[in-house]
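Sharing a structure here in structure tokens format.
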Amino acid sequence: MEAHHHHLRQLRAALLRRGHPIPPPPAAHRDPERAHLAAIRAGASSAPRLALAACACLRRAGLPAPGPRALPALLRSAARDGAGAYVAGAHAAAVRAGALGDGFVGTALAGAYAACGRVGDARRVFDGMPERDIVAWGVMLDSYCQTRNYKEALLLFAEMKRSGVVPDQLILATVLSACGHMRHLSTGKAIHAYMLMSDIFISAHLSSAVINLYASCARMDMAENLYNRLLRKDLVSSTAMVFGYAKNRKVEVARSIFDGMPEKDVVSWSAMISGYAESNRPNEALSLFSDMQEHGVRPDEVTVLSAISACANLGSLDKARWIHSFAENNELTKILRICNALIDMFAKCGGINLALNIFNEMPHKNVITWTSMIAAFAMHGDGKSAIVLFEQMINEGVEPNKVTFLNLLYACCHAGLVHEGRLLFRCMVQEYRIEPNHEHYGCMVDLLGRAKLLQEAVDLIESMHLGPNVSIWGSLLAACWMHGDLKLGAFAAKKVLELDPNHDGASVLLSKIYAKSGSWNDAEEVREVMKLHRISKETGSSWMELNGQIHEFAAGGDIHPENDKILLKINGKLS
């Protein structure tokens, strides 16, 4: 027993150093469950592993395993840092205690696994529960939605109905969200009808969930009809309408509702900022982001992600530094998603070294982090650094996905790394069993085409199991024009026009190919078809940052009020 008390003294000393004492052994023996709870709470406030260690030490001191009162607290502690291994340890403790039959423990265990992203383990626990109350069903449904397994959520809801469990407001809102993400309008309408015919009280939260469903399915007429019939248009329902119109690119209507709201919370501001960002109106998004803070509303993670997205689209390095500074000052750079977005933002704003600094300072990196940095190198034409980073990623035990390989192929393409591109394509297919999509094939055709390996590009296209699309034939066409292979170029152009008869780029290049090869009649015929279909090149536009201000101007235009200053700036950069 003395040895066991020695273990407890060691643990107590470790917790005391962190300012979290636990009860001494005598008190523990009088009430084992209370001792476990105290140890778990003390350890959990420092680290999940200490909560597990605390329970282990108490068991070595002669106490029984933690029971139904203490286990849910242990599971919450283990899930707090998203550490699946600690949840598995708590699961083992539940098995030893014979507590898996307890519905409260089973629900907590399923929720803990889900919080760590281990939704398969959560489902196995859920399926093994002898009895499942509405809370357990709700936890499992929410787990699927949190991990974007919306189809599984709808299937589980159908199983729940067959089991005779009556859904509550929270479950209905969760399932409506899944319907919206899946764009299952018919299922969502059926749930809405069920709500109207049942005795369920339709709260503002539930009404907003229905509005969001219709908005997600691009049925703003139905959303507006429901909104107009509400006796009280509160903050939640009005925010849902702002989100709906913004999501459907009707930002002026969204802004009208937003401006008319007597009160606005962080969700309302975020919905409007996100709407501007997604509608490619970054200046308005960032202006509203500033207004939000002037009104005393503190941006949250979602708001900042939208502001980062707007800044990335704008391409302003000054604005990028401003957003980064805001995130740092508000301790948002501790959030993985924020850091991943900042890497992408700085890369798109020309700050590759700033992106790399953020990457290097991150204590935890997931596959999105590594892929974002690889994409940053690819964007800046540094294919070799992208490949070196990929090798580091593999050495760290992080498994690449199809987006990782797409950015690697893009990096090879723009750096002319043909041999490396071939190896990576083969690695993706053979080692990681990732099926290439049109984008992967398009990158490879572009890579081979730039290197004048036109026949190899054709062979690759002919080997595709999913059939080449307009983009792939277009890449081959551009390569043929670049290298003067007029015969193959004409073939590729015809393939593009078979898939898209109104494709302006293919028509223009085919006309030029015929003219260059002396086939004037064919060239004239293509031009006549272009006139018939009124095919013309759409005027392009560009943005440029001058003294911290963003200017937009059209190709060939000279109507910008500060046209002369901009031209002087351009000439200064080129000289």
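None of the figures in this text is laboratory data; all of them are computed from the coordinates on show. Everything quoted here is computed from the prediction, not taken from an experiment. Reconstructed Cβ throughout: ideal geometry from the backbone, glycine too, with neighbour counts over all protein chains shown.
Once you put a point 7 Å from the Cα of LEU231 and another 7 Å from the Cα of LEU336, both along the Cβ direction, what distance in nm separates them?
4.6
So for each of 149-162, 105-118, 231-244 I average, over its residues, the number of other beta carbons within 10 Å; can you give me the resulting order with the highest mean first?
On the way: 149-162: 16.6, 105-118: 24.1, 231-244: 20.1.
Most protected by this proxy first, the peptides run 105-118, 231-244, 149-162.
LEU423 to VAL403: extension gain in nm, 0.36 nm per residue of separation minus the Cα-Cα distance?
Working: separation 20, 0.36 × 20 = 7.20 nm, distance 1.65 nm.
Between LEU423 and VAL403, full extension yields an extra 5.6 nm.
About the Cα centre of region 436-537, what is the dipole size in debye to 20, counting +1 per Lys and Arg Cβ and -1 per Asp and Glu Cβ, all else neutral? Present the calculation step by step, with values, prior to reporting the outcome.
Values: 11 positive and 13 negative charges, 73 e Å.
So the dipole magnitude of region 436-537 works out to roughly 360 debye.
Please work out how much length the chain gains when fully extended from HIS438 to LEU466, using 0.36 nm per residue of separation minus the C-alpha to C-alpha distance, in nm with one decimal.
Details: separation 28, 0.36 × 28 = 10.08 nm, distance 0.79 nm.
Difference between extended and current length: 9.3 nm.
Treat each spin label as a single point 7 Å out from the Cα along the C-beta direction, and report the GLN293 to VAL166 distance in nm.
Between GLN293 and VAL166, the simple spin-label model gives 5.0 nm.
Continuing with the same structure: Would you check region 148-300 for Lys pairs whose C-alpha atoms are within less than 18 Å, ignoring same-chain pairs closer than 8 in sequence, and give me the count? Kindly include the intermediate steps, with their values, before the conclusion.
On the way: LYS151/LYS161; LYS151/LYS189; LYS161/LYS189; LYS233/LYS264.
Value for region 148-300: 4.
Let me ask something else. In region 262-320, which GluC sites (Glu not before Pro) are in a loop and have at most 16 other Cβ atoms within 10 Å, using DSSP for the loop call? Mind dumping the intermediate values first?
Details: sites: GLU263, GLU278, GLU284, GLU294, GLU301; in loops: GLU263.
Of the GluC sites (Glu not before Pro), the ones in loops of region 262-320 whose Cβ has at most 16 other Cβ atoms within 10 Å are GLU263.
Counting other Cβ atoms within 10 Å of each Cβ, which GluC sites (Glu not before Pro) in region 378-425 have at most 12 and sit in a DSSP loop? If you can, show how the numbers build up before the last one.
Numbers: sites: GLU391, GLU396, GLU420; in loops: GLU396.
Listed in order of number, the matching sites are GLU396.
Continuing with this model, one more query. Within region 436-537, how many Lys pairs sit with Cα atoms under 19 Å apart, leaving out pairs fewer than 8 places apart on the same chain?
The result is 11.
Under a plain spin-label model, where a point goes 7 Å from the Cα along Cα-to-Cβ, how far apart in nm are GLU431 and LYS250?
5.1
Using Cβ counts within 10 Å as a stand-in for footprinting exposure, how do GLU224, GLU498 rank, fewest first? Can you show the working numbers first?
On the way: GLU224 17, GLU498 12.
Sorted ascending by nearby Cβ count, the order is GLU498, GLU224.
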